[in-house]
Each structure stands twice: as C-alpha cells, then as structure tokens.
Amino acid sequence: MGTRWIVFDFGGVICVPPSDAASEVLAGVVGVTAAQLWPAYWPDRIDYDAGTLDAAGFWHGVCARLGRATPDAARLDRLVAADLAVWMDMNQDTLDLLAELAALAEPAGDAAPGLALLSNAPIEMARHIEEQDWSRLFRHRVFSADLGLAKPDARIYLHLCARLDARPDQLLFIDDRPENLTAARALGIESLHYTDTPTLRADLARIGITAAASPHL
C-alpha cells in the first residue's frame, strides 16, 4: 500500500452539520431566524475561511445582507462564540475511527499511515480546534486561514504535500464536499467521499486500511 498519510476534513466529517438548536442560538444573536440566517451566512464564508476576511468583516456582511446593524465588539464576540458552537457537535463515530487509526499507526511507525487534518476554518476556529483533545490524534493540522487559501484551491493541497513531505499519490483524502474531492483527484490524490462513518470504514477496508475497534475517546 502506497498511502503514507490519511487526511481528514473537519466540517461534516469530524463534526456533524449544524443542529437546529445551535443554528437558532446563532441566528438569535444576529436577530433573525435560522431560516433567514443561512442564505446570508454563506456568500462570504470562503473568504472568512481563507483568512482574507476577518470576523468583523464577515459578520458585517452577514448583518448587512439581513438588514441588521453592524455588530459592536461585545456582540461580535458573541457571534464568534456562537459560530464556533454551531460547528462543535462532534461525530463520535468518526472520533472513534480516528482513535483506532492513530493507535494502529503508533506501533507500526512508517509501516502504517499517519493522520493529518486539512480544514477550511477561520482563525478563531483553527485555534479552537487545536485546543481539543482529539486534535492531538493528527500529526499535522493544516488550516485555510493560516495559509490565505481554502479548498478547493489546488495550492492548498500542494502546500499539504510539502508539509507532509509526501507525493500526491501517497495521500488519501477524506471530505464530504464533491468539489474538494475533485480538486484533490486532479492532482493525483486518492480521495473518498464521506457520507457516514460505517461507509467510510467499508471504503477504507476495500483499499486495505482496517482499524480494530477501540474504546470511545
């Protein structure tokens, strides 16, 4: 097997999509409903993830699209905190799989692939993720906002290869967004479309990567 690194996305893979309850909390800070929030949330998100737009600029845009006043410093802090909370509902099945894969790699050294994280995440989320115990399962963590680049820009995958000192064909990339997978495959990176963790386990087994069950984190 030529795979040296298994690279995981974060949103929609390690965390689950935003819950209705968390969405309503975030929307409430803005002063709208969740149904109103999300269409206004996404247009500038890629720039926020890439670090070309800061939190103040991002939330100014969201509030302007919704006809709400520009948030002051205190409200901006509440928005950032609620936004982090929206994306921190963890997928325990994926965390279990990560723990198993990390345990498999420890005694095997270079004989088993290491774990890396490649996430589109603004600065605040990147630093928050790094504080989580589960993030230590990754030998390398690469965040879009630190690079000024976001998936599916080909340059972020090339940076990842350089960071891991690996060729594209030595990586296995797991993401839930087809456009990110397409960009990775164009560079020769084998990629798996994440839909749920049982399917991912089956896909990994099919290509010869099998992790033994381990206790919950």
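General observations
- Yes/no for Asp176 being surrounded by 13 or more Cβ atoms within 10 Å (Cβ to Cβ), in contact (Cβ under 8 Å) with a residue 24 or more places away in the chain, in contact with a Gly (Cβ under 6 Å, 6 or more places away or on another chain) and closer than 27 Å to Gln92 by Cα: yes
- Residue in region 45-64 that is out of contact with any His (no Cβ under 6 Å at 6 or more places or on another chain), of a type in the set (Val, Ile, Thr), touching a residue at least 24 places away in the same chain (Cβ under 8 Å) and open to solvent by less than 40 Å² (accessible area, probe 1.4 Å) present: yes
- Number of positions in region 92-125 that are touching a Phe, Trp or Tyr at 6+ places or on another chain (Cβ under 6 Å), within 24 Å of Ile46 (Cα to Cα) and either at pLDDT below 95 or aliphatic (A, V, I, L, M) (or both): 3
- Single residue of His128, His140 found to be open to solvent by 20 Å² or more (accessible area, probe 1.4 Å), in contact with a strand residue (DSSP E or B) (Cβ under 6 Å, 6 or more places away or on another chain) and at pLDDT 95 or above: His140
- Restricting region 102-124 to residues that are part of a helix (DSSP H, G or I) and touching a Gly at 6+ places or on another chain (Cβ under 9 Å), the residue that is surrounded by the fewest Cβ atoms within 10 Å (Cβ to Cβ): Ile123
- Meets criteria (open to solvent by 20 Å² or more (accessible area, probe 1.4 Å), more than 17 Å from the chain's Cα centre (by Cα) and under 23 Å from Asp176 (Cβ atoms)) for Ala21: yes
- Those helices (runs of 4 or more DSSP H) lying entirely in region 4-98 with at least 3 residues more than 30 Å from Arg136 (Cα to Cα): 20-30, 34-41, 55-65, 73-86
- Selection from region 155-167 of residues that are in a helix (DSSP H, G or I) and open to solvent by 40 Å² or more (accessible area, probe 1.4 Å): Arg155, Leu158, His159, Ala162, Arg163
- Residue within region 37-52 that is more than 20 Å from the chain's Cα centre (by Cα) and among the hydrophobic types (A, V, I, L, M, F, W, C) present: yes
The values are calculated or read from the model by the stated rules, or taken from the named source; none is laboratory data. Quantities reported herein were computed from a predicted structural model and do not represent experimental measurements. Every residue, glycine among them, receives a Cβ derived from its backbone with ideal geometry; neighbour counts consider all protein chains shown. Heads up: the accessible areas ignore ligands, DNA and RNA and are worked out on the full protein's heavy atoms, side chains in. Shrake-Rupley method; radii C 1.70, N 1.55, O 1.52, S 1.80 Å.
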